[in-house]
1. Looking only at the range 44-65, count every residue that is open to solvent by less than 40 Å² (accessible area, probe 1.4 Å) and in contact (Cβ under 8 Å) with a residue 40 or more places away in the chain and tell me the total.
2. Run Leu136 past the list (1) open to solvent by 30 Å² or more (accessible area, probe 1.4 Å); (2) at pLDDT 95 or above; (3) not acidic (Asp, Glu) and report the number of the one that doesn't hold.
3. Among the residues of the range 77-88, which ones are open to solvent by 30 Å² or more (accessible area, probe 1.4 Å) and closer than 18 Å to Pro45 by Cα?
4. Residue under question is Arg213, and the condition is that it be of a type in the set (Lys, Arg), within 30 Å of Gln145 (Cα to Cα) and open to solvent by 60 Å² or more (accessible area, probe 1.4 Å); does it hold?
5. Looking at (1) over 18 Å from the mean Cα position of the chain (by Cα); (2) of a type in the set (Val, Ile, Thr); (3) closer than 19 Å to Thr117 by Cβ, which is the only condition Ile51 fails?
6. Scanning for something open to solvent by 40 Å² or more (accessible area, probe 1.4 Å) and closer than 30 Å to Pro144 by Cβ, does the range 12-34 turn up at least one residue?
7. Considering (1) under 20 Å from Met139 (Cβ atoms); (2) of a type in the set (Ser, Thr, Tyr); (3) open to solvent by 50 Å² or more (accessible area, probe 1.4 Å), say which one Ser200 fails and leave the rest.
8. Condition (residue is touching a Gly at 6+ places or on another chain (Cβ under 8 Å), among the acidic types (Asp, Glu) and either closer than 22 Å to Val11 by Cβ or modelled with pLDDT of 95 or more (or both)) applied to the range 84-93: is it met by at least one residue?
Amino acid sequence: ARRLAEEGARVFVLDRPEDADAAASLARELGGVPVALDITDVGAPAAIAGIADEHGGFDVVVHNAGVTRDKTLARMDADRWGLTLDVNLGAVLRFIHHLSDGHMRPDARLVVLSSVTGLAGNFGQANYAASKAGLLGMMEVAAPQLAKQGVALNAIAPGFIETRMTAAIPVATREGARRLSALSQGGQPVDVAEAITLLSSPAAAGLCGQLLRVCGGALIGA
């Protein structure tokens, strides 16, 4: 959100109602608009489409919401599987379906966040890997169709990124993830933000239906 605002975008900061205060604070800082919404709600796509119409359509939409509910496949219950697939993949499909129906401006950009786990899988993350691989399959089909409307759809596959979520991973596991990178370090959120900003800009006019890895040369999925 900060990087896009620095480029002159008016940013709509969407987060869950439980995190509405933090989203509103960031939106105020950036001169943007906070949107408190659960993207899995049945009415969420229509609500976002309505906001787009109020402002003459969106130029850029970034789908970066994601959850993990890890368990081995033998112990994976329906709730863990269903929530992960719904947040990471189902909601994205529903949003793209609604927004592509006249709610995006000409030359608009759509960026979805996949993962190197979607390319290679990972033990205990069958649900997460399936959802992130599904995004890439969706892009292959949807990108040519959206291109006919002047909308470019691209995907980013981050590797191990040092975030609040990954900080909860055991130390040894985190260090192992860092060493799988050619740089022997984890990435930072700003690394992904820079890639998103590139794909959202006129400089990426020649990119459509492409996957950009932001993984420091990780061996996973190489």
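1. So the answer is 9.
2. (1)
3. Result: Leu83, Leu85, Asp86.
4. Values: of a type in the set (Lys, Arg): yes; within 30 Å of Gln145 (Cα to Cα): yes; open to solvent by 60 Å² or more (accessible area, probe 1.4 Å): yes.
Yes, satisfied.
5. Result: Ile51 fails condition (3) only.
6. Yes, the range 12-34 has at least one match.
7. (3) is the only condition that Ser200 fails.
8. Within the range 84-93, not a single residue is touching a Gly at 6+ places or on another chain (Cβ under 8 Å), among the acidic types (Asp, Glu) and either closer than 22 Å to Val11 by Cβ or modelled with pLDDT of 95 or more (or both).
The values are calculated or read from the model by the stated rules, or taken from the named source; none is laboratory data. From a predicted model like this one, the values you see are computed outputs, not experimental measurements. Note: ideal-geometry Cβ built from the backbone for every residue, glycine included; neighbour counts use all protein chains shown. Heavy atoms of the whole protein, side chains included, go into the accessibility calculation; ligands, DNA and RNA do not. Shrake-Rupley method; radii C 1.70, N 1.55, O 1.52, S 1.80 Å.
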